[in-house]
Amino acid sequence: MSNPNRYPLRSLEEHEPTLARIVAAISSLDGVVALSLGGSTQAGLADDDSDLDIHVYWRPPLAPPDRRAAVLGRFADDGSLRTQIRSWGLEDHLSVGGTYVELIYFLLGDLQEQVERAYGEGLDSEAFTTSLLYTLAHGRPLYDPTGALRVMRDRLNGEFPEATFRAVLERRSPLLRFTIKLLRRAQRRNDLLSVQQMRALFQSVFFNLLFTLNRRYHPGEKRLLIHSQPCPLRPPANEERWEAAARMAADDPAVPGLLDELAVDLLQQIDEHSGLRVRHEVW
């Protein structure tokens, strides 16, 4: 596998002064319960294009945008501050000394409920099922005076939720080869946009299953091949085969065959190591 990092990785130490300033400011705001550092910087994979992702856990009422802007504006670079961004949820963005910072707000009660569901009936989706659990489990705590964040982290890091393990593997395994069937059909029609859509769906389902099988929380959409390398249960030459598939054109007749081989290998490992009887025939 070729080196996926095109730029030198940056150390966390250089960001410590910025983190300290932000934590001191944000922790004083109404509603803020805990703070953690996430993203590529916390994972040790930050490069020159990476920003700082700071997760803000809150309970109502949260300080309004004008109050947050007044506090953040004391040290934000001129013209960089934007509050109340809702493209992916609630976020505030700013730069501090040239470093781009994203404050990502999570309603604490919603996360607590999701953790309970993960261990209760189980979480299930086609993609990124446990990505919020990854945020909780692997973020670096920066501020947690009540211990609310620690309680969830300890539980998640102590045991992967078995109900979620079963839900994802049992319900999503059948989708894997079915997407290949749809991809082949789209290629025969020369519907290249549909081919790309099926490739994206296949990739989402595949890595959702892969991380779940290994009882690891899903890290999100970035650097999947780096995050999958430590997984002991994965298809042979998984990273190399995925790189080859990613470089193929949508109308390459070899695409469905390569993806189907990856699917068969992963499903075999699910059969052998999950302890579950999963249905994965192509209907």
Please verify whether THR179 is part of a helix (DSSP H, G or I), in contact with a strand residue (DSSP E or B) (Cβ under 8 Å, 6 or more places away or on another chain) and either within 22 Å of GLY220 (Cβ to Cβ) or open to solvent by less than 10 Å² (accessible area, probe 1.4 Å) (or both), treating the condition exactly as stated. no
Could you go through the stretch 46-60 and let me know if any residue there is under 17 Å from the mean Cα position of the chain (by Cα) and among the acidic types (Asp, Glu). yes
Can you tell me which residues in the stretch 61-83 are open to solvent by 30 Å² or more (accessible area, probe 1.4 Å) and either of a type in the set (Ser, Thr, Tyr) or within 18 Å of THR99 (Cβ to Cβ) (or both)? GLY73, ARG74, ASP77, ASP78, GLY79, LEU81, ARG82, THR83
Go through the stretch 76-116 and count every residue that is aromatic (Phe, Trp, Tyr) and in contact (Cβ under 8 Å) with a residue 60 or more places away in the chain. 0
For the stretch 226-241, give me the residue count where each residue is open to solvent by 60 Å² or more (accessible area, probe 1.4 Å) and either of a type in the set (Ser, Thr, Tyr) or within 21 Å of ALA137 (Cα to Cα) (or both). 3
Got a number for residues in the stretch 182-200 being among the basic types (Lys, Arg), out of contact with any Pro (no Cβ under 8 Å at 6 or more places or on another chain) and open to solvent by 80 Å² or more (accessible area, probe 1.4 Å)? 3
Residues of the stretch 205-225 being open to solvent by 30 Å² or more (accessible area, probe 1.4 Å) and closer than 14 Å to LEU262 by Cβ, in sequence order, are LEU225
Out of all the residues in the stretch 91-98, is one or more modelled with pLDDT under 95 and assigned to a loop (DSSP other than H, G, I, E, B)? yes
Sort through ARG223, ARG189, ARG215 and tell me the only one that's farther than 20 Å from ALA137 by Cβ and of a type outside the set (A, V, I, L, M, F, W, C). ARG189
Counting only residues that are acidic (Asp, Glu), give me the helices (runs of 4 or more DSSP H) lying completely in the stretch 205-283 with at least 2 of them. 238-246, 255-273
Do we have VAL96 as surrounded by 16 or more Cβ atoms within 10 Å (Cβ to Cβ), in contact with a Lys or Arg (Cβ under 8 Å, 6 or more places away or on another chain) and closer than 15 Å to ALA167 by Cα here? no
Within the stretch 44-55, can one find any residue that is open to solvent by less than 40 Å² (accessible area, probe 1.4 Å), of a type outside the set (Asp, Glu) and at pLDDT 95 or above? yes
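The values are calculated or read from the model by the stated rules, or taken from the named source; none is laboratory data. Since the structure is predicted, the reported quantities are computational estimates derived from the model, not experimental observations. Virtual Cβ from ideal backbone geometry, glycine too; neighbours counted across all protein chains shown. Accessible surface areas use protein heavy atoms only, side chains included; no ligands, DNA or RNA. Shrake-Rupley method; radii C 1.70, N 1.55, O 1.52, S 1.80 Å.
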